[in-house]
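FYI, it's all coordinate maths here, none of it is from the lab. In this text the structure is predicted, and so the values were computed from the model without any measurement. With ideal geometry, Cβ positions are generated from the backbone for all residues, glycine too; neighbour counts draw on all protein chains shown.
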Amino acid sequence: MKSRSLILTAMLTALPSVLLAQQNIQKAFDALLNENIVEIKTQHTLERDPETGKKKAQMDIYDFEVANPTGISRIKDIQRAFDKDKEDAYELRSGDHAGNDYHRLAVGDGKSYSVAIGRIKGSNYIYALFLDKDDSEKIYRYAYALEWVEKDKKTQVRLAITYATTLQYRNSKRQTRTFIVNGEKVRVDGNSFSNSFSLGNGFPFGNSSVFDSDSTLFNHERSSEGWLSEFNTYKRLYQNNPDGAAANYYATYIYKLCKKADCLEDGEKQLVATEIKRLKAKTKDEFIQQLFDMSIERLKK
C-alpha cells in the first residue's frame, strides 16, 4: 500500500489556481487518490512554452486497485461528480463494453500522446471535456476520465486528466497533401487515413490518422460498431468526390470491408447494402460499379 499525497500534490500544482469548472470532479478525484490504494502504474507529463510559461500539455494517469469499502464508495462519488459538473462540460461520454472499442483523450496537440479510455475488458467508463477558463482564445481544454471494473472482490481503476487543444482547433489546423494517382493530382486531408487502413503500397498516406482523439471510438478488435464506423468514413470520402482519381481506392476498400463483414448482424448488412447501392448510383465507372455489386454479394454470405 502506498500514500498518494506526494503524487497528488504534484498533480494539483500542475492545475490552475483559479476555481475550475470541473471542481466537483477534481475534488472527487483527490478524495479517491488520498485513500489507501494499491498502485499499479502512474504516468505524468507536463509541458510549458519556454518563453511564456503557458501550459501546452498535461497528462496524469493513475492505474490502481481498490478493495476497501471507503475507496469503492469514492468511485461512486466520482460518478456523481461528473453529473454535477456536466453543465459546464462541452462533451461528456460514458459507456460499458468488452474492451474491443475504446476512446483516446488527446494530450497537447494530439500528435505524440493520448490516453486510452475504455480499453479494459468488461469496464465501465465516463469522461468529460471542459474548456480552460484561463484561455481567452478557447483553444485548450481539460479532459477528466474514470474507468473501472470489478475483479476478484477488487475494483481496478483508471483515473486520467489530460490538457490539450480542442478537437475543433486541431481540425482547423489540418493540412492537405497532394499525391499523383494514375497521372492525376489528388489532394487529400492529411488526417484522413491511417496505417491501419492502408490501401497498399501505391497509396502511401503516412502516419496520419483517420480518427481524431476525444470523440471517436477506436477499434482494437473489429466489432460491428467499429466496422460500421470504418465503412461510414470511406463512404463519406467516396461521396465527396465520386468521379475523382481516388474514388477507385475508396470503392476498393469498401469491397475489402465487405469481404470481412462477419461481425455484422443481418439488419446491419441490409443497411450497408442500401448505402452501397446509393454509392453505385453516383458513378458511371463500370469497374467501380462492379466492385459495389460484389460488395453487396459479399454481404449476403
Over 28 Å (Cα to Cα) - which of 55/86; 86/269; 55/153 fall in this group: 86/269; 55/153
Prolate/oblate/rounded call for the stretch 26-90, Cα gyration tensor, a/c under 1.5 rounded: oblate
By average C-beta atoms within 10 angstrom, highest first, the peptides 277-287, 239-249: 239-249, 277-287
By average C-beta atoms within 10 angstrom, highest first, the peptides 112-120, 33-41, 60-68: 112-120, 60-68, 33-41
For the stretch 23-169, radius of gyration divided by Kirkwood radius, i.e. Rg to Rh on alpha-carbons: 0.97
Calculated FRET efficiency for the pair residue 172/residue 270, C-beta based, R₀ 35 Å, to 0.05: 0.40
